[in-house]
Structures are given as C-alpha cells and as structure tokens.
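A.B. asks: Please see the structure below; I have some questions.
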Amino acid sequence: MKRQDLKALKALAVILLGALTVKITVWPLIADIKFKSGLKAMSLMEYEKAESDFKIAINYRKEPVYYENLAALYRTMGETAKDRNTGRRHYEQSVYFYKKLLELNPGNSLVYNGLGATCLYIGKDFKEDEFYRSAIDNFKKALDLKPGFVEAELNLATAYYLWGLKAEAVKVYENLEKDNPDNISARFNLGLLYFMEKDYTKAEQKWRDILKIAPENIDAQKGLEMLNKKRGEK
C-alpha cells in the first residue's frame, strides 16, 4: 500500500471515530430532551405525544427511568381509554415495559409495585383472576424487597378487597395502621372498607380518629357525611 493511501485511510479513521464520538456524546442529550418533553406532555394529558417522546428517548438511551415512565403512561392510557380493546392493549404494553425494566433493574421494589398496579387494573377492568393473583404476587415481592413500603401495602389491601378476599384486606390495613399510626390513608381506606361492608360503627370510628389527628381532613369529613346520609335513609 502506498504511503499516500495509508495516510488517507488514517484520516478517514479519524473522521469516523470523531463522528462516533459526537454520536455517543449527543445521543444522551437527545434522550434527555425527549424524556423531559414526554413528562411535560404527560402532565398536559397529551398521552400520544408523551408515548412518542418516551419511545424516542429509550431508542437513544436505555435509561430505567424512561421505561418506568412509559410503563406508567400506558397504564394511564389503559385506564382512560374509551374502547375496552384499546385499553387492554395499553395495559399489556404497560406490563411489557415494566418487565423490560425488571431486566434492567431486577431488585427494584418500585417496579414490582408498578407492575402490580397495572395487573390490578387489568383484573378489575376485565374480571380476570389471573391478574388479581399476579398483582398480589408483585405487591408481595415489592414488600419483600422493601419491608414497610406503605404504597405497596395499600395496593395489596386494595387487591385483596377487589378480589373478594375481604378478611385479608382488613388484616393488611390493620397491620399498616398499627405500624404507621399517623398514616391517614390506611385509616381512611379501612374506614371505607368497613363502610362498604355496612359496618358503620367501625367506619365512623376510623374517620373520627382521623379528624382527631387532622381536623381539616376533607375525606374523613365527607365519609362522615356519607355515613350520616346512609343512616338517615333507614
């Protein structure tokens, strides 16, 4: 090979390497811009734009937070879809991206909680026992990874109740209330469960206990109003 040809090849290699370096440097920036754009679109309920932006971000960079937000977005799209078949497809996409995220981050309790939430929506909307069971399993995995994870415990209790395992739901709420006496959500939800089971005395007790801690709590006030209305109907 002639010296001139060798110099030309070296020059070409430098150019190609420079171009590759630019791509490696620019791609994360493009991904971040698209991700932030997706977050803004999601907050404005422009779900299709958010979906597109998150997918572009993932194409440029396999960042776990991108997958997490896309999976959560698909759950929201499934919940708000007017057509049941469309909603089901969105839910399935949510499950898919949560599972992809678990491949990247297998020990993340938040991911198991998110996956459980999507499965719970599918079970509730389509009355499928398989997904109730999957929701419960995923919430339990989240709690195994992060004991005391309040959101996962609340979701687990909800899954038990919606699947008809009311005694299990009460047990989770009572344990949560015992371990977190200042947690208003657990106490309110337990009161609501009692109300739905027509145990009005226990429901009233839970909601009045909330008002002792937080006198301005609107949910507890509305709960008592609802309770008084029910009693007035007798």
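The values are calculated or read from the model by the stated rules, or taken from the named source; none is laboratory data. Please read all numbers here as calculations on a predicted model, not as lab measurements. Here the Cβ is made from the backbone with ideal geometry for all residues, glycine too, and neighbour counts use every protein chain on show.
A.B. asks: I need a count of the residues in the stretch 55-95 that are more than 23 Å from Val26 (Cα to Cα), surrounded by fewer than 14 Cβ atoms within 10 Å (Cβ to Cβ) and not charged (D, E, K, R).
C.D. replies: 3
A quick yes/no check of all residues on (1) over 15 Å from Lys140 (Cβ atoms); (2) at pLDDT 95 or above; (3) touching a Leu at 6+ places or on another chain (Cβ under 8 Å):
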residue: Met77; (1), (2), (3): yes, yes, no
residue: Ala81; (1), (2), (3): yes, yes, no
residue: Arg88; (1), (2), (3): yes, yes, no
residue: Glu92; (1), (2), (3): yes, yes, no
residue: Tyr98; (1), (2), (3): yes, yes, yes
residue: Leu101; (1), (2), (3): yes, yes, no
residue: Leu104; (1), (2), (3): yes, no, no
residue: Tyr112; (1), (2), (3): no, yes, yes
residue: Leu120; (1), (2), (3): no, yes, yes
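A.B. asks: Consider Lys212 carefully, then state whether it is surrounded by 13 or more Cβ atoms within 10 Å (Cβ to Cβ), in a helix (DSSP H, G or I) and of a type in the set (Lys, Arg).
C.D. replies: no
A.B. asks: Report, by residue number, each residue of the stretch 98-132 that is over 16 Å from the mean Cα position of the chain (by Cα), free of Cβ contacts under 8 Å to residues at least 24 places away in the same chain and in a helix (DSSP H, G or I).
C.D. replies: Glu103, Glu130
A.B. asks: If only one of Ala186, Ala142, Ala157, Ala169 is assigned to a helix (DSSP H, G or I) and more than 24 Å from Gln221 (Cα to Cα), which one is it?
C.D. replies: So the residue among Ala186, Ala142, Ala157, Ala169 that is assigned to a helix (DSSP H, G or I) and more than 24 Å from Gln221 (Cα to Cα) is Ala142.
A.B. asks: Kindly provide the set of residues from the stretch 83-96 that are free of Cβ contacts under 8 Å to residues at least 40 places away in the same chain and over 12 Å from the mean Cα position of the chain (by Cα), ordered by number.
C.D. replies: Correct list: Asp83, Asn85, Thr86, Gly87, Arg88, Arg89, His90, Glu92, Gln93, Tyr96.
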